[in-house]
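Report on the structure given below.
The values are calculated or read from the model by the stated rules, or taken from the named source; none is laboratory data. Since we're looking at a predicted model, the values are computed, not measured. No Cβ is skipped: glycine too gets one built from the backbone with ideal geometry, and neighbour counts run over all protein chains shown. Side chains included, ligands, DNA and RNA excluded: accessible areas come from the protein's heavy atoms. Shrake-Rupley method; radii C 1.70, N 1.55, O 1.52, S 1.80 Å.
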Amino acid sequence: MLCSGTRIKTRKRNIAAPLDPSAFADAVVQIYLDNAGDLELVARSIESSDLNFSRYGDTFFEVVFAGGRTQPGTLKPDEGECHPYSIIECEATRDAILLSVIYIQKILRRRPFLIKNLENVMRRLLQSLELFEENERKKLAIFTALAFSQKLSGLPPETVFQPLLKDNLVAKGLVLSFMTDFFKDYLVDNSLDDLISLLKRGKIEDDLLQFFPSTKRSAEGFSEHFTKAGLVPLVEYNEKKIFEVKLKEMKSALTTQIVEESDMSEVIETVKQRVKDAKLPDIEVIRILWDVIMDAVQWSGKNQQQNANSALRQVKTWAKLLNSFCTSGNIELELIYKVQMQCYEDAKLMKLFPEIVRSLYDQDVLAEDTILHWFRKGTNPKGRYAF
């Protein structure tokens, strides 16, 4: 307890406007003591006081969080009085800490300029996680989650999250523990989409692994940790994000090779390696290949026949690439559906569907049975009967 060993005075007295931070802290502490920690009454007393918040805003929030003014660079109480009703001293429950969040919200509504002081103190506290006990760090995590859930007067997420990324805090696992508690408490009142939006505003959404110590910084470590913590939706989101990144990287590498007309065997090997690394489903691979091949077509725009010739030439040139990954009837059928959708949606290709399918058949990419199956039982109706 930060106030341990400090004499607590409970008598009421007139408080003169303090002229230094120590006297200001004592005055705020006295308001807490006079009202026996009833935050509703404390808020009223503070609102009616003539305390100089514009000058001592940081000191005020030190008293709110720690119970009294702290010594520079530490969490130790400075000389003077302190009170036992601080956030660090309350119960580590959402209900108990929510009272402090509501209390701070009331203060900020009357004095919105204090949000900067709240940011300053929170930044200092979060950068000092190693000075707190585990239970105290949990209280800070709960407070942070509730502060964002309650939309605490525009508290910027970046101000809160970025200070956590100190190498020593991350290495000790303190940041991971804090963020785990934060995620669990925030998701009690909010959706995963809300959380992701918050992380984006905090500029940390792109790489959640930065919270992990280097020895545990892997996709597997992420999944194992947050699955054990009961945060499966977050695990699924991260896996999807990793998948999308690898998909984008594969498309980029493949596009470069196709535009540069690299050797076919080199392109096939690149795809195989990317597929292995990203663990891409076979059906997803054939979709990517078709998109990249057609995106690289040089559309002249002069007339329809020239565009048609360019598209068919591209299909013929890269048919061997498609053939290497059309390893089953289901994948061939998926390729037909992919061609069908593009021809249906792209005016330049509307009349090319039969010719593209015929070219893929001639190049042994599509089997006759697959084409007949599509004709008899094709499930996608878009343009099917016209084609």
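Got a sec? Which of ARG287, ARG274 is modelled with pLDDT under 90 and in contact with a Lys or Arg (Cβ under 8 Å, 6 or more places away or on another chain)? Full working, then the answer.
Numbers: ARG287 fails: modelled with pLDDT under 90.
That would be ARG274, the only listed residue that is modelled with pLDDT under 90 and in contact with a Lys or Arg (Cβ under 8 Å, 6 or more places away or on another chain).
Looking for whichever is at pLDDT 90 or above, of a type in the set (A, V, I, L, M), in a helix (DSSP H, G or I) and more than 27 Å from the chain's Cα centre (by Cα) here; the options are LEU99, LEU118. Which one fits?
Details: LEU118 fails: more than 27 Å from the chain's Cα centre (by Cα).
Unique residue meeting the criteria: LEU99.
Looking across THR215, THR227, one residue alone is in contact with a helix residue (DSSP H, G or I) (Cβ under 6 Å, 6 or more places away or on another chain) and open to solvent by 50 Å² or more (accessible area, probe 1.4 Å). It is THR227. Scan segment 86-103 for residues that are open to solvent by 10 Å² or more (accessible area, probe 1.4 Å), of a type in the set (A, V, I, L, M) and touching a helix residue (DSSP H, G or I) at 6+ places or on another chain (Cβ under 8 Å) and the total you get is 4. Only one entry in THR6, THR10, THR74 is in contact with a helix residue (DSSP H, G or I) (Cβ under 8 Å, 6 or more places away or on another chain), modelled with pLDDT under 95, in a loop (DSSP other than H, G, I, E, B) and not assigned by the TED database to the domain that holds THR144, namely THR10.
Mind telling me which of the residues VAL292, VAL315, VAL267, VAL275 ends up being under 30 Å from the mean Cα position of the chain (by Cα) and either crowded, with 19+ Cβ neighbours inside 10 Å or among the charged types (D, E, K, R) (or both)? Steps first, answer last, please.
On the way: VAL315 fails: under 30 Å from the mean Cα position of the chain (by Cα); VAL267 fails: under 30 Å from the mean Cα position of the chain (by Cα); VAL275 fails: either crowded, with 19+ Cβ neighbours inside 10 Å or among the charged types (D, E, K, R) (or both).
Sole residue among the options that is under 30 Å from the mean Cα position of the chain (by Cα) and either crowded, with 19+ Cβ neighbours inside 10 Å or among the charged types (D, E, K, R) (or both): VAL292.
When segment 359-387 is limited to residues that are outside any helix (DSSP H, G or I) and charged (D, E, K, R), the one that is modelled with the lowest pLDDT turns out to be ARG384.
Restricting segment 173-182 to residues that are out of contact with any helix residue (DSSP H, G or I) (no Cβ under 6 Å at 6 or more places or on another chain) and part of a helix (DSSP H, G or I) leaves a set whose member that is surrounded by the most Cβ atoms within 10 Å (Cβ to Cβ) is THR180. Considering segment 133-169, and only residues there that are within 18 Å of the chain's Cα centre (by Cα), in contact (Cβ under 8 Å) with a residue 40 or more places away in the chain and outside any helix (DSSP H, G or I), the residue that is surrounded by the most Cβ atoms within 10 Å (Cβ to Cβ) turns out to be LEU155. One residue is enough: does segment 281-289 have a residue meeting the conditions more than 27 Å from GLU220 (Cα to Cα), open to solvent by 30 Å² or more (accessible area, probe 1.4 Å) and not in a helix (DSSP H, G or I)? No, that holds for no residue. Restricting GLU345, GLU334 to residues that are closer than 18 Å to VAL292 by Cα, within 37 Å of the chain's Cα centre (by Cα), open to solvent by 60 Å² or more (accessible area, probe 1.4 Å) and not aliphatic (A, V, I, L, M) narrows the list to GLU345. For the condition open to solvent by less than 60 Å² (accessible area, probe 1.4 Å) and either free of Cβ contacts under 8 Å to residues at least 24 places away in the same chain or assigned by the TED database to the domain that holds VAL275 (or both), ILE196 does not qualify.
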